[in-house]
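Notes follow once the structure below has been shown.
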Amino acid sequence: MASLFRIGTRGSPLALTQAGMVRDALSAAHGRSADSFEIVVIRTTGDRVQDRALAEIGGKALWTKELDRALLAGEVDCCVHSLKDVETIRPTPIAIAATLPRADVRDRLIGAASIEALKHGAVIGTSSPRRAAQLRAIRPDLSIIVFRGNVDTRLAKVAAGEADATLLAAAGLDRLGRGDVGHAIPVETMLPAPSQGAVAVEVRAEDAAARALVSAIDCATTCACVTAERALLAELGADCHSAVGALATIADGELTLRAELLAEDGSDKVAGEARGAVGDIEIAPGLARELLERAPASIRRLFAAE
């Protein structure tokens, strides 16, 4: 590993902020100057194509494939991701070495004080199947249109009247210093995307030095929670077309995993939860199987596990 540790990232304002968080955490953990860490910007297909939903043009791999290539080619020593945007099944040569302490997991509604306060027939901009299905389940009268772009782009679209409202992750807004924007939606109303609010750092699996350096900033609680949420996705065979909400929490040494699966139009939903010891690898698969068993065909057909 070179003395200058290279951190790969997308170039959006949020991605750069999160890469800076990782750099600062590594600097503090190892007593090294921030100058000994270089942030390397890698442009991704997801950044270039902004007019279509991710599910239509390749899914979450559009955020990761160029970063994966740079990492495996040795052009960078690690890559920083919003973990909710990372495919569930990753290439074997790549490993998650750390997750930063998780931020606010909730969604924020931009354009109205609450979902109930939206006018009848309001147009909502989102490219997330989960958010679209959850909104339709609560308010079938809403009209959903595809919204892509970084945080400022989407806020500008709402301000310009392209939609009446949109939804953004609270964590991203907070990290960009926009904590005063929008109204947080309780997780009891809308379960977040699996791993929402978590930043992950990936390294080459065989790079023991990089893995050791990065693992020093891992948050064990966050890691346990997002591992359970991603295990649920894996057992479901979920993809970018699947509307899934999931959230794991830990209290008094016990992990609770809540999840819900929805039909695309929000007309059907199945929800449940499971509890067990932290690290119990059967919690998530068991809940996934139980949800699929109870789910109607309109939901089951969206999952490869079925």
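Every number in this text was worked out from the coordinates using simple rules, so none of it is lab data. From a predicted model like this one, the values you see are computed outputs, not experimental measurements. Virtual Cβ from ideal backbone geometry, glycine too; neighbours counted across all protein chains shown.
Find, among the GluC sites (Glu not before Pro) in the range 259-302, those assigned to loop by DSSP (not H, G, I, E, B) with at most 13 other beta-carbon atoms within 10 angstrom.
Answer in residue order: E282.
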Q: May I ask you to sort L142, L257 by Cβ crowding, counting other Cβ atoms within 10 Å and putting the fewest first?
A: L142, L257
(Q) So I have (1) 58, 46, 36; (2) 49, 43, 37; (3) 63, 51, 44, and one of them is Cα extents along the principal axes in Å calculated from this model. Which one is it? (A) (1)
Q. For the residue pair R43 and R301, what label-to-label distance in nm results when each label sits 7 Å from Cα along the Cα-to-beta-carbon direction?
A. 4.0 nm
Q.
Take H120 and D24, extend 7 Å from each Cα along the Cα→Cβ direction, and tell me the distance between the two endpoints in nm.
A. 4.8 nm
Q: Please get the size of the charge dipole for the chain, origin at its Cα centre, with Cβ charges of +1 on Lys and Arg and -1 on Asp and Glu, quoted in debye to the nearest 20.
A: 520 debye
Q: Would you please name the GluC sites (Glu not before Pro) within the range 118-213 that are DSSP coil residues with at most 16 other C-beta atoms within 10 Å of their C-beta?
A: E162, E188, E206
Q: Would you mind ranking D107, D239, D77 so that the residue whose beta carbon has the fewest other beta carbons within 10 Å leads the list?
A: D239, D77, D107
Q: First measure r as the distance between the Cβ atoms of R294 and D265, then evaluate 1/(1 + (r/R0)^6) with R0 = 22 Å and state the FRET efficiency to the nearest 0.05.
A: 0.70
(Q) Give me the extension gain from A216 to I250: residue separation times 0.36 nm, minus the current Cα-Cα distance, reported in nm with one decimal. (A) 10.1 nm
